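K.L.:
Can you keep this structure in mind? I'll have questions shortly.
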Amino acid sequence: MTSSKVFVHTIGCQMNVYDSERMLQQMYVLSVFATDVMDDADVIIINTCAIREKAVQKVYSFLGRLTAIKRKRPEVRVIVAGCVAQQMGSHLIQRFPFIDIVLGTHAVHRLPEYLKRLDRDGGPVIDTEMTADIPEFPADMPVLPQNTVSRHVTIMRGCDNFCTYCVVPYVRGREVSRRPEDIICEIKMLVGSGVKEVTLLGQNVNSYGIKEGLVSFPRLLRQVNDLIGLERIRFVTSHPKDLSEDLMNSFARLDKLCNHIHLPVQSGSNRILAKMNRKYNREIYMDKVEKLRAISPGIAVTTDIIAGFPGETDDDFEQTIDLMTTVGFDHIFAFAYSDRPETPASRFPEKVPDPVKGERLRRALETQEGITRQAYDRLIGQVFPVMVEGYSKNQIKSGGVKQLHYIELSGRTPENRIVNFHALAQGPVTDIDFSSGRIQNVKIERACENSLWGTAVDPGDLIIAPKGGEAYVA
Ligand code: 5AD
Ligand code: SF4
């Protein structure tokens, strides 16, 4: 293969972000390097998401754009990966005949082999087979250079829960956990290359290792916590039904585990939760949140909400709003229910009309806005350790840093709240290297809608100065 540049467009969840990185790593080994400019690319990969109809529409419109590119430059390789690739398989080729490779969710590691096959035998190549185990990538895969101190690491894939609305079990297959030694090895490689924070990924990390008889998730967390050089650990996603006391206690026991949990509740109505096959009720959910808060005071709890599940009445939805205000989430991700092929809920009668779903979604978001504002106001005056990750959004909007002496930095607290603060740059700064993962105490002064503003406390050695032609955060 003679190509030299690859462009990856990723839609969807962090699992896809991770898989995209895996694909880039494999291309890197073949001396095919990433580019941000699609027109420069010899290989274009679109990593797709099928969780809601809107995500699938995004895939189709991107592929529509590719039609023109492929007409102009037929030699460009087009690869469709991820959940839509898995679900649609050869149907995708019928609709978009220019696609060269359809790479299902279990075939990510076979990308180099398929590119070779394409050169040798022509295409298209389609692999939507679901394999029973997780293929391990070689341990010596290069860590891709990225100006970021935070990375994701998949610890398991698939899902066995079959929530009635969800397509994940069909497109990602059954739950399989990676071996702890492989996970630890990967994190060590990342830490060795300067990574300071890892987020462990799985559809339901609470059931990590159970099926295979591996170490439990709390034990795995302990092993990760012991790694020298790593500063912060996060994980997503937890299923409330499997959130054990042992895991809750980890928040108190492990110094690197961040004080935040994403615990999707989906609905506040017991009737709807049963129809969703969630296997808990609102009382159990709220009880678990209360326990978590007793174990780890100040823990930030975030959640997912679905508005307009089939059969959801106004009263059911009011119970969701009531649960939201009672729990007081830090942040929510809310979605209008979307029918997914194959799922039981897509066959449920009593579909909620689109305008009603839209209205409920709007109310959920508006309610949360008020809750977040109140919660953020209570943080004013408090000091939080912020891991500096980059420029603030304002700074980026104004074109990054050129000759400024007064710059705006941004990072996150352990609770995953974004905090912006000012720093003084010594001398002209052209580009800042944020790879030190500096943790700076910041006193909160102001709350915005989705972020906080503050002042660095004892900035002391917070130096932002040119160093060998580059600037760095010391
Ligand atoms: N419609 C709307 N939202 C959905 N989610 C999953 N499936 C659907 C669907 N069919 C949401 C859930 C899940 C999040 C990742 O996406 O809230 O937690
Ligand atoms: Fe989907 Fe439920 Fe599995 Fe989450 S736990 S991925 S919502 S089936």
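A short reminder: the numbers here are calculations on the coordinates, not readings from a lab. Note that the coordinates shown come from a computational prediction; the quantities given were computed from them, not determined experimentally. Here the Cβ positions follow ideal geometry from the backbone for every residue, glycine too, while neighbour counts run over all protein chains shown.
K.L.:
Whole Å is fine, so just give me how far the alpha carbon centre of segment 211-259 lies from that of segment 1-77.
P.N.:
The distance from the Cα centre of segment 211-259 to that of segment 1-77 comes to 33 Å.
K.L.:
Something else now. Using Cα centres only, tell me the gap between segment 176-209 and segment 310-367 in whole Å.
P.N.:
Using only Cα atoms, the two centres lie 33 Å from each other.
K.L.:
Follow-up question, since we're still on this one. What is the magnitude of the charge dipole of the chain about its Cα centre, with +1 placed on the Cβ of each Lys and Arg, -1 on the Cβ of each Asp and Glu, and no other charges, expressed in debye to the nearest 20?
P.N.:
500
K.L.:
Continuing with this model, one more query. Putting +1 on Lys and Arg Cβ atoms and -1 on Asp and Glu Cβ atoms, find which of CYS159, ALA423, LEU66 reaches farthest to the positive end of the dipole of the chain.
P.N.:
Most positive-ward Cα: LEU66.
K.L.:
Here is a further query. In terms of the Cα gyration tensor, with a ≥ b ≥ c the square roots of its eigenvalues, is segment 153-308 rounded because a/c is under 1.5, prolate because a/b exceeds b/c, or oblate?
P.N.:
It comes out oblate by the Cα gyration axes.
K.L.:
When Lys and Arg each count +1 and Asp and Glu each count -1, what net charge do the other residues less than 11 Å away from SER207, Cβ to Cβ, add up to?
P.N.:
Computed value for this residue: -2.
K.L.:
If you wrap a convex hull around the Cα atoms of the chain, how much volume per residue is inside, in Å³?
P.N.:
Once divided by residue count, the hull of the chain is 158 Å³.
K.L.:
Can I ask one more? Mind ranking 271-280, 198-207 by how tightly packed they are, going by the mean number of other C-beta atoms within 10 angstrom, highest first?
P.N.:
Final packing ranking: 198-207, 271-280.
K.L.:
Give the lysines whose C-alpha is closer than 29 Å to that of LYS241, dropping any in the same chain fewer than 8 places away, or say none.
P.N.:
Straight-distance partners of LYS241: LYS54, LYS211, LYS256, LYS275, LYS279, LYS288, LYS291, LYS351, LYS357.
K.L.:
Which whole-Hz couplings ³J(HN,Hα) result when phi for each residue of segment 241-258 is put into the Karplus expression 6.51 cos²θ - 1.76 cosθ + 1.60, θ = phi - 60°, listed in order with x for Gly and Pro?
P.N.:
In residue order, the calculated couplings are 5, 9, 6, 8, 5, 4, 5, 4, 5, 4, 4, 7, 7, 9, 5, 8, 6, 5 Hz.
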